[in-house]
Amino acid sequence: MRKIVIAGNWKMYKTQAESQEFLQGFLPSLEQTPQDRDVILCVPFTDLNVVSKNLHGSRVHLGAQNVHWEEFGAYTGEISGPMLTEVGVRYVIVGHSERRQYFGETDETVNLRIKAAQRYELIPILCVGETKQQRDAGETERLIINQLEKALVDVDQNKLVIAYEPIWAIGTGDTCEAKEANRVIGLIRSQLSNPNVPIQYGGSVKPNNIDEIMAQPEIDGALVGGASLEPESFSRIVNYKVLSPENTLKS
Ligand code: 13P
């Protein structure tokens with residue numbers, strides 16, 4: 001049985017005060033959430049400590065948005081595994097397209113960060129996905145297989161989450177069709193040595209499309225940006241409804 005993993009990626013949003021306000025609204029809604037769903041919040045570094053304290057005793061896991069491959073050193077602006085685990089971080093996003101696009105992240109540095117995360121008992125959430133141009137040129141499959149091949153060298157697939165995030169669907173409201181996301185995620189799974197790695201879909205996941213996304217057989221969860229910033233919308237997402245097979249067939 002594969003795990004269901006729903007993660008919020010707050011990106012560069014929320015001060016400490018705002019993060020506390022969010023939790024006050026969000027945590028009570030988890031009382032109805034089925035136990036088989038892992039819920040994660042990947043928050044900015046400055047929020048980690050306060051969110052960690054506020055999550056204590058709750059079922060929400062704490063996540064960060066990056067990790068360096070060294071334990072310490074002269075790497076201005078970076079953060080290490082031990083610094084994250086010390087404040088209770090369990091998961092870390094690695095290779096998000098925004099890091100690849102704006103901050104020069106490569107498949108090689110992604111691989112180094114994933115291995116470092118695992119070395120320090122953090123579970124990496126590896127992001128892969130194509131641009132619109134690559135999709136239109138019919139390069140999606142080749143690109144994703146290549147990203148996976150390079151990112152997963154010497155990586156333990158028992159301690160890993162993967163997120164398929166088509167770049168053209170991020171922050172655009174232009175969600176990838178659930179069936180198409182399911183197809184690409186099936187392709188990702190076919191490349192893995194461990195078929196039980198949870199694979200999420202990310203890209204304009206909203207309260208109004210989460211049920212259909214989660215009804216897809218290959219999709220094990222969601223990596224949610226904008227809709228994870230408001231307690232109401234993220235609550236609806238973690239409390240997604242399991243569609244009956246009849247509804248799933250129609251979608
Ligand atoms: P949106 O949900 O805002 O499209 O962002 C997706 C994302 O990048 C999550 O990592």
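Tell me whether segment 80-101 contains one or more residues that are among the charged types (D, E, K, R), free of Cβ contacts under 8 Å to residues at least 12 places away in the same chain, within 16 Å of the ligand (Cβ to nearest atom) and in contact with a Gly (Cβ under 8 Å, 6 or more places away or on another chain). Outline the logic, then answer.
Within segment 80-101, the first condition is being among the charged types (D, E, K, R), and the residues that meet it are 86, 90, 98-100.
Still in the running and free of Cβ contacts under 8 Å to residues at least 12 places away in the same chain: 86, 100.
Remaining after also requiring within 16 Å of the ligand (Cβ to nearest atom): 100.
Add one more test, that the residue is in contact with a Gly (Cβ under 8 Å, 6 or more places away or on another chain), and what stays is none.
Checking segment 80-101: not a single residue is among the charged types (D, E, K, R), free of Cβ contacts under 8 Å to residues at least 12 places away in the same chain, within 16 Å of the ligand (Cβ to nearest atom) and in contact with a Gly (Cβ under 8 Å, 6 or more places away or on another chain).
For residue 180, all conditions in the list (1) away from the ligand (no atom under 11 Å from the Cβ); (2) buried (at least 22 other Cβ atoms within 10 Å of the Cβ); (3) closer than 20 Å to residue 130 by Cα hold save one; what is the number of the exception?
(2)
Do we have any residue at all in segment 102-111 that's within 16 Å of the ligand (Cβ to nearest atom), closer than 25 Å to residue 226 by Cβ and of a type in the set (Val, Ile, Thr)?
Just the residues of segment 102-111 that are within 16 Å of the ligand (Cβ to nearest atom), to begin with: 102-103, 105, 110.
Applying the additional criterion that residues be closer than 25 Å to residue 226 by Cβ yields 102-103, 105, 110.
Next, from what is left, pick out any that are of a type in the set (Val, Ile, Thr): 110.
Looking for residues that are within 16 Å of the ligand (Cβ to nearest atom), closer than 25 Å to residue 226 by Cβ and of a type in the set (Val, Ile, Thr), one finds at least one in segment 102-111, hence yes.
What number of residues within segment 2-34 satisfy the criterion of being closer than 18 Å to residue 222 by Cα, in contact (Cβ under 8 Å) with a residue 12 or more places away in the chain and part of a loop (DSSP other than H, G, I, E, B)?
5
Being closer than 9 Å to residue 203 by Cβ and assigned to a helix (DSSP H, G or I) is the filter here; which residues of segment 140-172 pass it?
If the condition is that a residue be closer than 9 Å to residue 203 by Cβ and assigned to a helix (DSSP H, G or I), then 167, 168, 169 are the ones that fit.
Would you be able to tell me the number of residues in segment 211-248 that are among the β-branched types (Val, Ile, Thr) and in contact with a Lys or Arg (Cβ under 7 Å, 6 or more places away or on another chain)? Talk me through it step by step, then tell me what you get.
Initially, segment 211-248 is screened for residues among the β-branched types (Val, Ile, Thr), giving 213, 219, 224, 237-238, 242, 248.
Filter once more, keeping what is in contact with a Lys or Arg (Cβ under 7 Å, 6 or more places away or on another chain): 238.
The qualifying residues number 1.
Quick check, is residue 160 away from the ligand (no atom under 12 Å from the Cβ), buried (at least 20 other Cβ atoms within 10 Å of the Cβ) and within 18 Å of residue 2 (Cβ to Cβ)? Working first, answer last.
Working: away from the ligand (no atom under 12 Å from the Cβ): yes; buried (at least 20 other Cβ atoms within 10 Å of the Cβ): yes; within 18 Å of residue 2 (Cβ to Cβ): yes.
Judged against the criteria, residue 160 is a match.
Restricting attention to segment 184-193, which residues are in contact (Cβ under 8 Å) with a residue 24 or more places away in the chain and in a helix (DSSP H, G or I)?
The first filter runs over segment 184-193 and keeps only residues in contact (Cβ under 8 Å) with a residue 24 or more places away in the chain, leaving 184-189, 191-193.
Result: 184, 185, 186, 187, 188, 189.
With the condition kept exactly as written, say whether any residue in segment 37-51 is surrounded by fewer than 20 Cβ atoms within 10 Å (Cβ to Cβ), closer than 26 Å to residue 164 by Cβ and among the charged types (D, E, K, R).
Let us first name the residues in segment 37-51 that are surrounded by fewer than 20 Cβ atoms within 10 Å (Cβ to Cβ), namely 37, 44-46, 49-50.
From what's left, closer than 26 Å to residue 164 by Cβ: 37, 44-45.
Cutting the leftovers down to among the charged types (D, E, K, R) gives us 37.
Checking segment 37-51: at least one residue is surrounded by fewer than 20 Cβ atoms within 10 Å (Cβ to Cβ), closer than 26 Å to residue 164 by Cβ and among the charged types (D, E, K, R).
Each reported figure results from applying straightforward, stated rules to the coordinates on display, with no laboratory input. Model, not experiment: these values are computed from the prediction. Backbone-built Cβ (ideal geometry, glycine too); neighbour counts: all protein chains shown.
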